[in-house]
Every structure is written in structure tokens, then in C-alpha cells.
Amino acid sequence: MSTPSNNVHEAAAQGDVTFLSSNRQLLNLQNDRGWTPLHFAARYGQTETVRFLVAEKVDTKLVNSEGKTAAKVARFWGFEEVAKILDAEQESSVTTPGTQEVATATINRGRFSENYQNFFAGGKLNRFGFLRTENAYLTRTLTSPTSRFLLLSNGRPLFDTTQPPATIAWLSYPDIADIIGNPYQEEAIPAPLGEGKDEFIIVFLGVLEENGEGPDSGPAYWVVDVSPRGSLEDKMTALEKNLSERKFDFVEPRPKAFKLETGDAAILAQARAMVDWNYRNQYCPACGRRTVSMDAGHKRTCPPDEEAPAGSVEAKKKVTPPCKSKGVQNFSYPRTDPVVIVCVVHPTEDKVLLGRQKTWPKGMYSALAGFIEAGESMEEAVRREVKEEAGIVIGNVAYHSSQPWPFPNSLMIGCLAEAVTDIIKLEDKELEEARWFTRPQVIEALSQSKLPFEAQSSALIRMPPETAIAHQLVKTWALEKEWSGAGVLAK
Ligand SMILES: [Zn+2]
């Protein structure tokens with residue numbers, strides 16, 4: 001038995017204008033999947049019914065549960081004429097005076113699909129970049145009882161091991177005051193790393209605005225690197241021992257970090273990348289002298305007034321360092337390395353290309369990936385990588401989403417791309433194997449990736465877990481979800 005709501009939907013699908021005109025009060029009715037009569041008329045290319053519904057002033061902006069307007073549905077099913085009628089209707093509604101707000105909503109819903117947020121993104125901190133040079137603010141926040149400190153030791157975050165599966169052990173200022181003191185006192189610029197007492201890395205990450213807005217509306221978050229080395233080695237080692245007695249331990253971030261709560265994972269991603277960058281930039285790349293941390297850990301500079309070290313080649317020759325000429329100082333800023341990662345769709349659209357590296361666990365396959373090179377667009381990097389790694393020629397490339405990847409400081413830029421050839425040839429030998437996989441194979445692999453690795457069947461292919469962007473890219477294709485950009489499947 002069909003209910004009245006199904007009747008208007010069926011009527012629209014069948015082009016039964018007579019039935020629709022005697023049920024005018026139901027013309028905007030949405031079924032359980034959000035479909036209106038207009039969606040059904042659009043889906044089945046009922047041009048006259050669409051004209052009728054538009055003349056009846058039905059809401060052409062309504063979207064179904066997949067976020068699709070009737071115009072989008074029509075276009076997807078190849079009913080271009082219907083799509084054009086609906087486009088024209090939307091445009092005329094945009095230019096009607098007094099409907100500015102509605103018009104904006106229409107544009108947004110029509111042209112932009114919702115962004116997908118990957119794991120390690122979605123941080124809740126307001127970074128307050130403009131306060132990084134305010135020593136008074138930094139001093140006050142650093143020593144505030146509400147401030148929270150994440151500790152890293154050789155890249156390993158401090159976790160509270162009494163709280164499985166993974167919980168950051170947030171410390172407060174008194175826990176580490178003995179080591180860090182206050183590097184922002186008065187006009188003090190923190191001394192270079194490795195120079196006596198200031199041999200640590202500290203970075204201001206931002207504020208969690210729990211009570212309203214502003215830099216004082218919640219706890220400030222910091223990361224401190226306490227890797228035991230140099231003159232602070234003994235203190236750092238003692239600290240680690242004390243913490244261990246509280247069941248706080250430094251743990252390898254992989255795989256545990258992937259079990260963190262989203263907000264904490266984003267903080268860890270930021271913290272890890274910042275500490276790693278500070279550590280790797282202790283020396284000026286132009287003159288080799290030690291650099292100084294500035295802007296609460298977000299900038300390093302070659303001290304402009306410092307003499308070349310006594311006995312060095314520069315000192316002997318009285319050479320001016322290259323970074324000191326004409327008032328130019330050598331600053332360096334945190335680095336993010338862009339990587340493209342791509343789900344390659346077969347020309348027939350029923351298979352995707354996945355590859356595996358020799359070192360990966362048995363049966364593991366993933367999306368192809370590689371660093372973007374200088375002078376290369378994202379799309380070009382996708383085409384080059386796929387050609388080099390698998391010998392496949394790529395046509396159009398669509399952007400999907402991105403993922404911070406703090407191992408140590410990459411940004412994974414996720415794409416879907418259409419293959420225009422299908423013969424695989426491993427040109428650069430970076431992969432051990434690359435293969436086309438069908439939709440059922442991929443769906444099976446995606447679902448078993450939810451199981452712990454040991455529980456997965458080695459008879460099936462294995463895929464990265466859902467916290468990895470590769471998983472999301474392949475899932476988007478496998479479930480025929482939409483993605484933003486000029487998608488290859490949206491044609
Ligand atoms: Zn220099």
C-alpha cells in the first residue's frame with residue numbers, strides 16, 4: 001500500500017500532472033530520503049512536470065539526504081534540459097530584490113558540497129598568532145594555573161597510561177617550571193637551543209576558548225620538548241622517571257595517536273610538527289651559526305648582531321655572513337610539505353588503482369601518494385606520480401579533502417582522478433605492486449579495516465583505517481559519494 005506521500009512522488013516520477021494539481025498542498029513533501037516530487041520529476045526527466053512544479057513555486061532549493069538539489073539529480077541522470085530549467089529558475093530567484101539571504105543560501109547549497117574533515121584536522125584552539133610576540137601575555141599565560149602542557153620526548157607524546165586506549169597526559173606549569181623557567185620575562189629573547197640553560201623547545205599553540213571569546217577565555221596550550229640532551233639531560237631524565245611513577249609515559253605516536261579524541265589529535269599534530277621543525281632548524285642554513293627561537297616558537301632567526309664564532313673560518317677571514325648583508329636577517333618559518341594522495345578511478349569507473357610498498361604488512365594496499373615538487377601544480381603532481389609509480393595516464397583531477405600528517409610535517413592533499421589508460425607499468429619501482437580493484441573488493445577491505453589488524457583476514461586485501469585520508473578517498477568512490485570540485489563522476 002502506498003501512502004499519500006508516495007503518491008505525489010510516484011505521480012511526479014510518472015509525469016502525472018493531473019494528480020499533482022489536485023494535491024497542491026503536498027508538492028514540497030519530502031520522503032524519508034529527502035526527495036520531493038521535483039526530485040522525482042527531475043530523476044525521470046519529466047520535463048513538463050518540472051515546468052508545472054516550477055510554475056507552482058515549489059522550493060527548488062530543497063536537497064535530498066545526499067545533499068542534492070533536483071537540478072543536480074537531473075544533471076546526474078543526464079536530463080540536461082530539466083537541469084537548465086531548474087538552473088534558470090534558481091538564477092531568477094537570485095536576482096529578485098529582497099531575497100538576498102535566500103539567494104546566498106541557494107548559491108552555497110548549490111555549488112559547494114560539505115567539506116570532509118580528516119583525522120588530525122579539526123583543532124579547537126584559537127592560535128592567536130598576533131600574541132606570539134607579546135611577552136607580557138606569554139608570561140602571564142605560561143605561568144597561569146589553567147595552562148596545559150603537552151610534553152614530547154624524541155617525538156613521543158606523554159600519555160596517561162591509566163586511561164586507555166590513548167589519552168594525553170596534560171601537565172601544568174609547576175610540573176615543569178624547574179626546567180623551563182620563564183623564557184618570556186621582560187625583554188628576554190630565549191637563548192639559542194643548546195646554549196646552556198635554555199636547551200629546550202617551547203611553543204605556544206593557542207587557547208581553548210571555553211568561556212566566551214578572547215585570549216583569556218580559556219586555557220592556553222603549550223608544547224615543550226624534553227628530549228634528554230645537552231646540559232639539561234639529567235633534569236629531563238629525572239623528569240621522565242618522576243612522570244613514569246604517575247603512570248605517565250612517552251609513547252610512540254603510531255599507532256596510539258590514532259585512538260586520541262579528535263581535538264587532542266589535532267593539538268598533537270600541531271605540536272609534533274612545530275617541535276620537529278624547531279629541532280631541525282637550530283642552525284642557520286646560510287652561515288651555520290645557531291639560530292634563536294622567536295614568536296613563541298613560530299619563527300627562528302640567525303642572531304643579527306652576533307659575531308662569527310671565534311676560530312671559525314668566517315672569524316678568521318672577517319667575512320660577513322650571507323644572512324647579515326644590508327640589514328637582511330635570515331628568518332625561517334615552520335614548514336609544511338604538501339603531498340598529493342590520489343584514488344585513481346578506472347576509465348570504466350568500476351575499479352580503482354591501489355598500490356603497495358614492499359615494507360607494508362602482507363596484503364596492505366593504499367592510494368598512491370607523493371610529494372608535490374617545485375614549480376608543479378597539485379593536478380600535475382597527481383599526474384606525474386601516478387605515471388611514475390603505475391604507468392597510468394591521468395585526465396581530470398578532483399580535490400576531495402586534506403589531512404595534516406605529523407610524521408613529521410606533511411599535508412596530505414586528497415584527490416580523485418580519472419585514468420585514461422589502464423595498463424599498469426611500475427616505472428619508478430617505488431611500489432612493489434599496483435592493481436585495479438573492483439568496488440566489492442574495496443568495500444570488503446574497507447569494512448575489515450575497522451577490525452584490529454590481527455583480526456583481519458589475510459585472504460582479503462587490507463586498507464588503511466578510517467583515520468587515514470586514503471581510506472576516505474577510496475570510500476568516497478566506493479559508496480559513490482559526492483566530493484567538491486569538478487568531480488570525474490559528476491559528469
Ligand atoms: Zn646566519
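The values are calculated or read from the model by the stated rules, or taken from the named source; none is laboratory data. Remember, it's a predicted structure, so these values are computed and weren't measured experimentally. Backbone-built Cβ (ideal geometry, glycine too); neighbour counts: all protein chains shown. All accessible areas refer to the heavy atoms of the entire protein, side chains included, with ligands and DNA or RNA removed. Shrake-Rupley method; radii C 1.70, N 1.55, O 1.52, S 1.80 Å.
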Among residues other than residue 404 whose Cβ falls under 12 Å from its Cβ, what is the net charge (Lys/Arg +1, Asp/Glu -1)? 0
For a label point 7 Å along the Cα-to-beta-carbon line of residue 407, residues of region 366-401 with backbone N under 15 Å: 366-371
With r as the distance between the Cβ atoms of residue 127 and residue 241 and R0 = 30 Å, compute the FRET efficiency 1/(1 + (r/R0)^6) and round to 0.05. 0.35
With the label point 7 Å along the Cα-to-beta-carbon line of residue 22 and a cut-off under 20 Å to each amide N, the hits in region 54-87 are 56
Over the Cα atoms of region 337-490 the radius of gyration and the largest Cα-Cα distance (Dmax), both in Å, equal 14.3, 44
Could you derive backbone 3J(HN,Hα) for region 46-58 from the dihedral phi with the Karplus parameters 6.51, -1.76 and 1.60 (θ = phi - 60°), listing whole Hz in sequence and x where the residue is Gly or Pro? 7, 4, 5, 5, 4, 4, 4, 5, 5, 5, 7, 6, 5
Using the alpha carbons of region 229-277, what is the convex hull volume per residue in cubic angstrom, as a whole number? 96 Å³
Of the listed links 259/358; 362/475; 256/425; 425/450; 450/475; 351/387, those spanning more than 24 angstrom between alpha carbons are 259/358; 256/425; 425/450
Need the full-extension length gain, residue 450 to residue 80, defined as separation in residues times 0.36 nm minus the C-alpha distance. One decimal, nm. 129.2 nm
Longest to shortest principal axis, alpha-carbon extents of region 129-280, angstrom: 42, 41, 27
Those GluC sites (Glu not before Pro) in region 333-423 that DSSP places in a loop and that have at most 13 other beta carbons within 10 Å: 373
Chain lengthening between residue 359 and residue 33 when straightened (0.36 nm per residue, less Cα-Cα): 112.9 nm
Calculated FRET efficiency, residue 234 and residue 378, Cβ-Cβ r, R0 56 Å, to nearest 0.05? 0.70
Between residue 47 and residue 421, what is 0.36 nm times their sequence separation minus the Cα-Cα distance? Round to one decimal in nm. 130.9 nm
Just to be sure I understand: of the beta bridges DSSP finds with both ends in region 129-280, what percent are antiparallel, rounded to 5? 70 percent
Could you give the size of the charge dipole of region 337-490 about its Cα centre, using +1 on the Cβ of each K and R and -1 on the Cβ of each D and E, expressed in debye and rounded to the nearest 20? 500 debye
Note to self: with every protein chain in place and a 1.4 Å probe, region 129-280 gives an accessible area per residue in Å² of 46 Å²
